[in-house]
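Beneath this line is the structure, given in C-alpha cells, with notes to follow.
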Amino acid sequence: MESLLNNVWFLSLVAWPGVLITCACINMLLQWSFSWSELVIDHLIGIAIGVCFYFGTEPHAHPVLKFLLVFSDGLPGLLSAVGVKALQSREMLFLVSAAAIGGSVLLSGLLDKATLVIDTSMNVPGGILSIAILAFKLPFSFCTTALGYLMWLIGLFVSFASSTTRVGFLGGVPYVEWNYTDANRWATTFGAAVMVWKGDVSTVIKHELYHTRQYIYLHDWLIPFYPVAGLWGIISAAIATSRENPIDVPGSFWRAQKTREVGNPLERAAYASEAGA
C-alpha cells in the first residue's frame, strides 16, 4: 500500500476516487436514495483531489500546491501543510484523511437524522445537538464555508431591520431565511452554511443537509465542479424531455428529477429522497 500511495496514477485514479465513492454511498444510504450519475462526478472530483494531494505532499512543495492540498483535504491537509510531524508521511495523511472523512459523513448523517426527528425548524434540543454535528462538518471545506459564514453574518445584520429575514442554527450549520414568508422554496448550501433565499427552512432542511455532507468528502471542489454537473443536467434533460413528460431543461442545471436519473448529478440523490415524501 505504501508504494501504491506514492504512485500518482493509483492515488488519483483509484485511491481518492474510491474514498469519495464510498463516502457518497454512505451519504446516499443515510438519505435512502441513490444516484449513479453523482458517483461519476464524485470520481472526477476524486481525480482532482488525488492529483492535488500527490503534488501537495511532495517534498518542498510550492505554496500554491500546499494551498491546493488544503483546498482538497480540509483540516488534515492544513495540518500537514503547516508541518505537523505525524502527517508528513503521505501514507499516514491519506489514511487519517480517509478515516476522518468517512467517519464524519457517517456520524454527521446519523446525527442529522436525529435532528430531523426532533424538529425540522430551529429548537433548543436540535441546537444543542448541532454543536456536536458542527465538529464533523466544519473542518472539510474551509473556503466555501468561509463564504457561507460571511453571508450568514450579513443575514444576521439584515434580520435586525427586516421582518421577513431570520437566522438560525440546525443540523450543525448556521442558516439564513432571507424571505421566510415566501410560499416558494429556494436554498443553496455553502460548505457548512445554508442560505434559504425563499421559504421556510423546514421545507428544505433535509435536502440541504445532504449537501452539507457532500462537502465533507467533495471539499471545496463541489463548487468548481457544479457547472460540469449542471451541464450534464441540461443535456440529460434535453434527451429525456418529451411532449408527454416535459422537463424544464434550463432549470435542470441546478435541479434533478425525483424519480429518474435526469438533471444535475450533484442534486439527484437529494431530490430522489423527496420522491416518497
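The angle separating the long axis of helix 124-137 from the principal Cα axis of greatest extent in the chain is about 30 degrees.
Straight-line cross-link reach from residue 206 at under 27 Å between alpha-carbon atoms covers these lysines, not counting any fewer than eight positions away in the same chain: 113, 137, 198, 258.
If the viscosity is 0.692 mPa s and the temperature 37 °C, what translational diffusion coefficient in µm²/s does Stokes-Einstein give for the chain when Rh comes from Kirkwood over Cα pairs? Mind showing how you got there, number by number?
Working: Rh = 19.3 Å.
The diffusion coefficient I find is 170 µm²/s.
Could you give me D for the range 128-272, from Stokes-Einstein at 25 °C and 0.890 mPa s, where the hydrodynamic radius is the Kirkwood radius over C-alpha pairs? Units µm² s⁻¹, please.
Diffusion coefficient, whole number: 155 µm²/s.
Sequence-ordered 3J(HN,Hα) estimates for the range 232-237 from the Karplus curve with 6.51, -1.76 and 1.60 and θ = phi - 60° stand at 4, x, 5, 5, 5, 5 Hz, glycine and proline given as x.
Would you order 241, 120, 144 from fewest to most other beta-carbon atoms within 10 Å of each residue's own beta-carbon? Don't skip to the end; give the middle numbers.
On the way: 241 15, 120 18, 144 23.
Lowest count first: 241, 120, 144.
For the chain, the longest principal axis of the Cα atoms and the long axis of helix 36-56 meet at an angle of about 40 degrees.
Compared with the dominant principal axis of the Cα atoms in the chain, helix 205-218 is inclined by about 10°. Along its principal axes, the range 186-258 has C-alpha extents of 39, 28, 17 angstrom, given from the largest down.
By the equivalent-ellipsoid construction on the alpha carbon gyration tensor, the range 1-114 comes out with semi-axes of 26, 16, 12 Å, ordered largest to smallest.
FYI, it's all coordinate maths here, none of it is from the lab. In this text the structure is predicted, and so the values were computed from the model without any measurement. Glycine also receives a Cβ, built like all others from the backbone with ideal geometry; neighbour counts cover every protein chain displayed.
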